[in-house]
Amino acid sequence: MKAFKDRCLKAGVPFSVAEWEGDPAERIEVESEAHDLIVVGKDTSFHFELADEDSDTVKRLARDDPRPLIVTPEDLPTSGRILVACDGSTAVSRSMHMFALLGLAEGATVEVLTVTEDAAEDARRRAAQAAKVFANHAVEATVTVVESEDHPADILIERAADAAMLVMGAFGRRQLRDVFFGSCTTRLLAACPVPLFIHH
């Protein structure tokens, strides 16, 4: 808590602190109702002994909470482009719009990336349409189409290595919003080397 206070004071960021007892995901969901964004570390159990694994709280927030979420790794990049994973899903559209509306793309370099096994032209059209979201907020975005049969998460992890952040929807076109949560999202939560902005 002291380290957090000191960093906020040094950066001139207004802050408040709170300490709770109970299930972390439930408490964060209650408190988040009055806020625009949740920022949470990727590997944390909040000293909650009943959690099956460190990322249990993060997975529940990404799956269930309606607010956008930034999931941060231990080491943060100091620079780089914003990589946007575009699969044409409603969740990605909402995520991009929320990211832009919160002003998080301002002054950034944005790359809209789509991965496809075939129909590259259709994928390029979807990505170009997505790039217009950022153009409407005076942010220039480039479009990249990767034709590959590899799992999209593996490609995104590789492409995100030199990025500042990865923007994605919590649930893609290929998975349902269920207890399995979606293989792509689960892989990225575990292995993405940069902060993830997730919304659904």
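The values are calculated or read from the model by the stated rules, or taken from the named source; none is laboratory data. Just so it is clear, the structure is predicted and the values come from calculations on it, not from any experiment. Counting neighbours? That spans all protein chains shown, and the Cβs are built from the backbone with ideal geometry, glycine included.
Quick check on ALA85: is it of a type in the set (A, V, I, L, M, F, W, C) and either modelled with pLDDT under 85 or not assigned by TED's automatic domain parsing to the domain that holds GLU158 (or both)?
For ALA85, the condition - of a type in the set (A, V, I, L, M, F, W, C) and either modelled with pLDDT under 85 or not assigned by TED's automatic domain parsing to the domain that holds GLU158 (or both) - is not met.
If you check VAL139 against the conditions, is it buried (at least 17 other Cβ atoms within 10 Å of the Cβ) and modelled with pLDDT of 90 or more?
yes
Of all residues in segment 105-126 being of a type outside the set (D, E, K, R) and in a loop (DSSP other than H, G, I, E, B), which is modelled with the lowest pLDDT?
For segment 105-126, the residue satisfying everything is ALA119.
Considering only segment 86-104, how many residues are outside any helix (DSSP H, G or I), under 17 Å from ILE38 (Cα atoms) and hydrophobic (A, V, I, L, M, F, W, C)?
2
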